[in-house]
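Novice: I have a structure I would like to understand better, so I am pasting it below and will then ask my questions one at a time.
Values in this text are rule-based calculations from the coordinates and carry no lab data. The structure presented is a predicted model; accordingly, all values stated were derived computationally and were not measured. Glycine gets a Cβ as well: all are built from the backbone with ideal geometry, and neighbour counts include every protein chain shown.
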Amino acid sequence: MSHATPIDLRSDTVTRPTAAMRQAMANAEVGDDVLDGDPTTQQLEALVAERLGKEKALFFPSGSMANQAAIWVHTRPGTELLCDADAHIYRWEIAAAAGLCGVQCHPVQGQGALFTVDDLRGHLRAPSIHAPEPSLVCLENTHNGAGGAVTSLADMQAMQQLAATHGLPVHLDGARLWNAATALQLPISALAACADTVMVSFSKGLGAPVGACLAGPAEFITKAHRARKRFGGGMRQSGILTAGALFALQHHYDRLAEDHASATYLAQVVDGAGGARVVMPHTNIVMIDLPTRRAAQVVTRARELGVRISEWHPGRVRAVTHLNAPAGVVATAAALIRQALEEVLAS
Ligand SMILES: *Cc1c(COP(=O)(O)O)cnc(C)c1O
């Protein structure tokens, strides 16, 4: 079986805006957000602040810029931030913390797939004239590198408390915090309360084309606004974009559980194929560990069969469920991924 247009499960960022979302974007009321404000952007920022239980939120063109603006404001050059060794901030933002903020990342290798309070405790040293001075703890939930794994509310609270005893603020990279809240059946504000500042993305599972918000105390967001300007992130008629994000929040948040169910289904179908082992997903990301380092061949064969997945590393491939792949489509994709694994791993 082959598809003219392959089913694209490389990421939840591949979603296209729906017709209704495009309509909302086309009809957006706009202003000049750099000059004196854009009404639709202000509406989104107010809604996100309210949902997250923070004083203020600020719209950014990307999650990476929002994370870096947060690091910029929280830290000083020559200090270090602690994050887990697989954190997006450490591994996938081209050393921006070092390059832009002059901050060293101190990666904490967890004992398990997810970084815990015990892992963090072991890396918080007593102040010393010889040791780098820590200035920030960064958490990530759901965790991208750990296959969309969810950190529990209790673990988040424990890490926040530990950071506080060392006088350190916490920034939460919550690109997929929506998924974590859905999986835990909690209001997103409960998770956001475990950090001083939170980044959430609209262009992952929520399916908007562009954007993220950084939320936190009003005074912090005023400084983050300056950082956004400095990083070149001021946007004029940004209401065109924030209308898509607003639409996504209003119409696509409640359906994330469907993506999680599809991912679980896919994991069950694929597990064991050709000796591959699936990490059972908490949310919408399925990591498939191969018995041999043949990820590139599996990706190529799956593509020929009509499904796009991605190589995470030579021994692991990744499939992500999303808005544009309803359950029936994921079922088709699951069978094709299984076939690709069996063929490649048998040969
Ligand atoms: C995607 C992602 C980001 C960055 O978001 P961009 O909008 O792509 O810059 C940050 N953190 C995590 C965990 C992500 O998955």
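Novice: How much length is gained on full extension from Arg308 to Ala257, taking 0.36 nm per residue of separation minus their Cα-Cα distance?
Specialist: Gain on extension, Arg308 to Ala257, equals 16.1 nm.
Novice: So, by mean Cβ neighbours within 10 angstrom, what's the order for 138-146, 336-344 with the highest one leading?
Specialist: My ranking of the peptides, most packed first, is 138-146, 336-344.
Novice: Across bins of 5 angstrom width beginning at 0, how are the C-alpha pair distances of region 1-109 distributed, in whole percent?
Specialist: Result, from short to long distances: 2, 9, 12, 15, 15, 15, 13, 9, 6, 2, 1, 0 percent.
Novice: Spit out the partnerless Cys residues in the chain, using Cβ distances under 4.7 Å as the pairing rule.
Specialist: Lone cysteines by the Cβ rule: Cys101, Cys105, Cys194, Cys213.
Novice: Sort the following peptides by mean Cβ neighbour count (other Cβ atoms within 10 Å, averaged over residues), highest first: 49-55, 213-219.
Specialist: 213-219, 49-55
Novice: Pop a pseudo-label 7 angstrom from the Cα along the beta-carbon direction at both Val14 and Gln42 and give the gap in nm to one decimal.
Specialist: Placing both labels 7 Å along Cα→Cβ, they lie 4.0 nm apart.
Novice: State whether the chain is rounded, prolate or oblate according to the following rule on the C-alpha gyration tensor (a ≥ b ≥ c being the square roots of its eigenvalues): a/c under 1.5 gives rounded; otherwise a/b larger than b/c gives prolate, and the remaining case gives oblate.
Specialist: Note, shape of the chain comes out oblate.
Novice: Taking the alpha-carbon distance from Lys204 and a cut-off under 19 Å, which aspartates and glutamates remain once sequence neighbours fewer than 8 residues away in the same chain are dropped?
Specialist: Within the straight-line cut-off, Lys204 pairs with Asp8, Asp12, Glu45, Asp86, Glu93, Glu140, Asp173, Asp254, Glu258, Asp259, Glu311.
Novice: Another question, then. For Lys223, list the lysines whose Cα falls under 17 Å from its own Cα; do not include residues on the same chain fewer than 8 positions away.
Specialist: Reachable lysines: Lys54, Lys56.
Novice: Report, in deg cm²/dmol and to the nearest 500, the calculated mean residue ellipticity at 222 nm for the chain, where each DSSP H run with n ≥ 4 adds -39500 (n - 2.57) and the sum is divided by the residue count.
Specialist: -13000 deg cm²/dmol
Novice: In debye to the nearest 20, how big a dipole does region 53-139 give about its Cα centre with +1 on each Lys and Arg Cβ and -1 on each Asp and Glu Cβ?
Specialist: My answer is approximately 200 debye.
Novice: Take each uninterrupted DSSP H stretch in the chain, measure its Cα extent along the helix axis, and return the ones at 30 Å or beyond whose mean Kyte-Doolittle hydropathy is at least -1.0.
Specialist: none
Novice: Can you list which of the chymotrypsin sites (Phe, Trp or Tyr not before Pro) found in region 32-136 are DSSP loop residues with at most 15 other C-beta atoms within 10 Å?
Specialist: Sparse-neighbourhood loop chymotrypsin sites (Phe, Trp or Tyr not before Pro): Trp92.
Novice: Only four residue types carry charge here, +1 at the Cβ of Lys and Arg and -1 at the Cβ of Asp and Glu. Report the dipole size of the chain about the Cα centre in Debye, rounded to the nearest 20.
Specialist: In total the dipole reaches around 580 debye.
Novice: When DSSP assigns beta bridges and you keep just the ones with both residues in the chain, what percent turn out antiparallel, to the nearest 5?
Specialist: So the antiparallel bridges in the chain amount to around 55 percent.
Novice: Highest mean first, what order results for 315-325, 117-127, 34-44 on Cβ atoms within 10 Å?
Specialist: Per-residue Cβ counts within 10 Å, averaged per peptide and sorted highest first, yield 315-325, 34-44, 117-127.
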